[in-house]
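Each remark here refers to the structure printed beneath this line.
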Amino acid sequence: MTMTEKQPHWLPDISHRPGPRYRAIAAALQDDIGSGALPIGAKLPTHRDLAWRLGVTVGTVTRAYAEAERSGLIGGEVGRGTFVRDPRPTEAPVDNTGIIDLSVNALAQHPNEERLRQALLGLASRNDLSGLMHYPPVNGSARHRQAGAAWIAQTTGLTVDPALVLPTAGGQNAMHLALAAITRPGDSLLVEQLSYPAVKPLAGLLDLRLVPVAMDDGGLLPDALEQAARAHGAHALYCMPRLHNPTTVTQRPDRRQAVMAVCRQAGIRVVEDDVYGFLADDAGPPALVALDPERVLFLTSLSKNLMPGLRTGFLLCPPPLMDRVRTLLRATLLGVNPLGAELSAEFILSGAAMESAIQRRALVADRQAQARRLLPGAASDPACPHLWLPLPEPWRREDFARALLSRGVRVTPADAFAVARGDTPHAVRVCIGGVERVEVLEHGLRILADLLSEPAAMGESFV
């Protein structure tokens, strides 16, 4: 039935819906909006009118409308009533400053909210729910470790012992634990010359000196790694061999073998970051941990695939280091939030996490094709949620980013990823996954491409 502002006659059938009446009304509202029976802009009956027609209390309708509003389905306007909302953003920019933000490496189109809602309801109805509210085991429950091992297997093809998997509070926590386990204050930490920006504040927290190691389009250079380790007495390496942030590089199989040979010879322990690995549609080259499981600590996370707010990650740890990592986790967190860990385990073991990964692979592949069409000079991988864009002369990275921002688009210049002064390329990272609407991404990329194609703009002074 088509609604009009003057004649809001929506009347749901809730007679066969289980659960409390307010949830039945909210669920019927969601279904009718999804089916188009309630179009965008439709005015809903007043609380009192709908309550009278359904034979429920006004408070029941109020609770139903409030739940629907929290889900973004409807919205109230003072003096006018309650209306069905447009679920799409009302403006092209993706933040409240009017800027198209291509600097954040996130993925749009979050997993189906109804599935999340059902998982939460299932968790709430469990008889052992109160058991999840006690202090958790430091190394997580057996189910949570099993889920972590399953996720690693699904994304790498590697079968691991769940007893060696430690649930963590996201990938950042896993990274902190791993680095703290293999270093001491004052040590040198080897990293790719362009590295995940969070490694810098973490190194400051742990009092580590970062040592950049040269890389090319095949990944870390083994000779450079050997020289840096010898010159600085370093025995720890942090790296991202698959879908590297920011350069998009995936390290070649032969290069991985050579890098691990250097690490064995020099006594280097490795922290392997694979947070983007789920986006690859096959296992690809063997993970570093598969080449030397006694030397490598492997970390992954669900933040990019499912929801960052879950704060769930996993650290695969060699047996000799497990006690130290557990001690560090106990000293910092006592243990990972069991509610979030249980919800994450449900998503993994039910197959929902992998379903989400497959959907996100398709999203990224489509957006990569879109971006490569507009920016053919960018370094990219069909599975990577970002591009690495070398700038033509005479552009400098800071000037380009500033000029682009003045036109309404934000990207990240290479300085954010450099761990040492000098030899920082004039390039920017362009994230293509976080903008909800493809037409907004298209608009932002066209602005970027237009700026690159304007020779007159090159070399301008920006203050």
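Tabulated data
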| read-out | value |
| --- | --- |
| Estimated Rh, segment 319-371: Kirkwood, alpha-carbon pairs, angstrom | 14.1 Å |
| Per-bin percent of Cα-Cα distances, segment 313-408 [10 Å] | 12, 22, 22, 22, 20, 1 |
| Convex hull volume per residue in cubic angstrom - Cα atoms of segment 163-211 | 81 Å³ |
| Alpha-carbon Rg/Rh ratio, for segment 264-308, with Rh computed the Kirkwood way | 1.05 |
| Overall dimensions of segment 116-227 by Cα: Rg and Dmax, Å | 19.0, 58 |
| Semi-axes of the equivalent ellipsoid for segment 166-304, Cα gyration tensor, largest first, Å | 20, 19, 14 |
| Whole-percent pair-distance distribution, where bins are 5 Å wide, for the alpha carbons of segment 254-354 | 2, 11, 17, 20, 19, 16, 9, 5, 1 |
| For segment 282-359: relative contact order, % (alpha-carbon pairs under 8 angstrom, 6 or more apart) | 25 percent |
| D (Stokes-Einstein, µm²/s), Kirkwood Cα radius, segment 197-276, 1.306 mPa s at 10 °C | 122 µm²/s |
| Solvent-accessible heavy-atom area per residue, rounded to whole Å², over the chain at 1.4 Å | 45 Å² |
| For segment 189-243: rounded, prolate or oblate by the Cα gyration tensor [a/c cutoff 1.5] | oblate |
| Mean separation of Cα contacts under 8 Å (6+ apart) over length of the chain, as relative contact order % | 17 percent |
| Table column - 3J(HN,Hα) (Hz), segment 294-307, Karplus curve with 6.51, -1.76, 1.60, x for Gly and Pro | 7, 10, 10, 9, 10, 10, 8, 7, 9, 4, 6, 8, 9, 9 |
| Distant-in-sequence amide H partners of LEU387 (H built 1.01 Å from N, under 5 Å) | VAL430, CYS431, ILE432 |
| Percent carbon-and-sulfur accessible area, the chain, ignoring ligands, DNA and RNA, probe 1.4 Å | 54 percent |
| Along each principal axis, Cα extent of segment 339-459, largest first, Å | 55, 35, 23 |
| Overall form of the chain per C-alpha gyration tensor (a/c, 1.5; a/b vs b/c) | oblate |
| Amide H contacts of LEU210 (H built 1.01 Å from N, under 5 Å, at least 5 apart or other chain) | LEU189 |
| Over the chain: helical MRE at 222 nm, DSSP H runs n ≥ 4 each giving -39500 (n - 2.57), nearest 500 | -12500 deg cm²/dmol |
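The values are calculated or read from the model by the stated rules, or taken from the named source; none is laboratory data. Bear in mind the structure is a predicted one, so any value in this text is a computation, not a measurement. Keep in mind that these areas ignore ligands, DNA and RNA; they rest on the heavy atoms of the full protein, side chains included. Shrake-Rupley method; radii C 1.70, N 1.55, O 1.52, S 1.80 Å.
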